[in-house]
Amino acid sequence: MFKIKIIIVLGLAFLLASCAPAKPDQKTGVEARFEYVKETDILLRAFLQDMPKGGDLHNHLFGAVYAEDWLRWAEEDGMCIDAKALALRFPGHNGCDALSTAKTVLLGDQVLRNQLIDKFSVRDFVPYSGWSAHDQFFQTFGAMAAMPSRFGDMVAQTANLAGEQNVQYLELLHTMELFDTILPMVGGIALSGDADADYQTLMASEFGQELPNMVARAKRDIDIAEARKVDILKCGTAQAMPGCDVTVRYLNQPVRTLPLSAVFAHTIFGWHLMEQDSRFVGTNLVAPEDDFIALRDYDDHMEQIDYLYKSLGPRNVSLHAGELWLGLVHPSELRDHIQKAVKIGHAKRIGHGTDIIFETNYKDLLKYMAEHEIMVEINLTSSDALLGITGNEHPYLVYKNAGVPLSFSTDDEGVARIDLTHEYMRAVKELNVSYAELKHYTYNGLRYAFIDADKKADMIKVLDVKFTAFESQF
């Protein structure tokens, strides 16, 4: 009888314990699952891959394409391969002449195929004397090429990779009308350094006369690319692919290493394109920030943007700023790029921002960024490859502790051979980001998107529903 009473008492105690509310520090449900899976990389990958994600706000379309896609398109389109330089080239009037057609030379040559994939990316790259990962990364862009008709294919591939990971929104940085049209027109025009006078000079030139045609042509090219994307992904059919559910917008990207006249003209072009086509939602300056010309002309670039912002009307600006580190450049170059991007260049978002603590009065700058909700787009793999910045060397905690909004993004996922889920994994493993923080940052990918308020609100509601369904599994 005594034993029976003991069993009953123990049973009641167990029942009461199991029904008792969890302690404040005791994680339950989805957070408990997250804490469990983060100890095992493959389980963490599966969890984060299934997790809903808001937006990838820093994604270069050209760099998002994987090497295998460049090669496949080259074979299909009769492109040429320079086997010595390991580069794709466009055919001339006489075809490939001394070069080989991609289809011929790649057929059965896995060694060359592997060499090209490695050249177009940082796959298997090991730094050696005189050649860094920074060098390897940026040289890829001169080796890759595709016919203009592949624009839509690029968008389709990038959107579908995002859709397969439950990413809801992409802002793709893309360059239009620059190298074939604008650069030849204005490359030889000398500017004075006075933004107002330089604007008048450019608009009085052939560039100003052709600007409406360039904008119209860009809008047409976007129409064609979007239609191609819908066709490739079979959107609107029973076989629709995941990329169909991804909303895509574009940012204009002038190249900051070109002559000052070309940078200003292309920024002007983007300003007009944003006004006339709602699919283009912002502008950004690209190319290595540590390049001599980019450093020399940095102040001029900020003043050009400031002039357009004030004279033609506000536009959304996100700037690569502070993608620098001690040793890469002279210490004087670390002192003010982020501050000038924010206060002169009107940046609503900063890409990378890794050198923040080297900026003069950086604490005041952090306070300003937090108060004005200037978000930082964090690209962990890119910071590792280009700057050698990993783990607790990254300024993530500096921004977080200052209350600056943050979101994780991919930068150039094809060149880096990653995806957004990979960046979330790095955030968890290297920065000890919690589930609640990661969820907050993925919402920031929509909150700070350059998209109209109604569409943004609708996307956030969809994300709410997706998280409810995802978390209910646990």
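The values are calculated or read from the model by the stated rules, or taken from the named source; none is laboratory data. Quick caveat: nothing in here was measured; it's all calculated off a predicted structure. Here the Cβ is made from the backbone with ideal geometry for all residues, glycine too, and neighbour counts use every protein chain on show.
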Being surrounded by 16 or more Cβ atoms within 10 Å (Cβ to Cβ) and touching a residue at least 40 places away in the same chain (Cβ under 8 Å) is true for just one of Ile344, Ile338, Ile374. Which residue is that? Ile344
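Yes or no, residue by residue, for (1) among the acidic types (Asp, Glu); (2) part of a loop (DSSP other than H, G, I, E, B); (3) under 24 Å from Asp196 (Cβ atoms):
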| residue | (1), (2), (3) |
| --- | --- |
| Gly282 | no, no, yes |
| Pro288 | no, yes, no |
| Met302 | no, no, yes |
| Leu308 | no, no, yes |
| His320 | no, no, no |
| Gln339 | no, no, yes |
| Leu366 | no, no, no |
In the range 411-419, is there at least one residue being more than 14 Å from the chain's Cα centre (by Cα), at pLDDT 95 or above, buried (at least 20 other Cβ atoms within 10 Å of the Cβ) and closer than 27 Å to Gly327 by Cα? no
Residue by residue through the range 326-351, note down the ones that are of a type in the set (A, V, I, L, M, F, W, C) and closer than 20 Å to Val404 by Cα. Leu334, Ile338, Ala341, Val342, Ile344, Ala347, Ile350
List the helices (runs of 4 or more DSSP H) that sit entirely inside the range 138-205 and contain at least 1 residues that are β-branched (Val, Ile, Thr), crowded, with 22+ Cβ neighbours inside 10 Å and more than 25 Å from the chain's Cα centre (by Cα). 183-186
Just name the residue that is nearest to the chain's Cα centre (by Cα) out of those in the range 101-132 that are under 17 Å from Ala146 (Cβ atoms) and of a type in the set (Ser, Thr, Tyr). Ser121
Without any contact (Cβ under 8 Å) to a residue 40 or more places away in the chain, in the same structural domain as Tyr424 (by TED's automatic domain parsing), under 20 Å from Ser149 (Cα atoms) and of a type outside the set (Gly, Ala, Ser), is that true of Thr181? yes
Might you check whether a residue that is touching a residue at least 12 places away in the same chain (Cβ under 8 Å), surrounded by fewer than 19 Cβ atoms within 10 Å (Cβ to Cβ) and of a type in the set (D, E, K, R) occurs anywhere in the range 53-67? no
Could you tell me whether any residue of the range 117-124 is of a type outside the set (Lys, Arg) and assigned to a helix (DSSP H, G or I)? yes
Test: Asp41 is touching a residue at least 24 places away in the same chain (Cβ under 8 Å), surrounded by fewer than 15 Cβ atoms within 10 Å (Cβ to Cβ) and within 23 Å of Val122 (Cα to Cα): yes
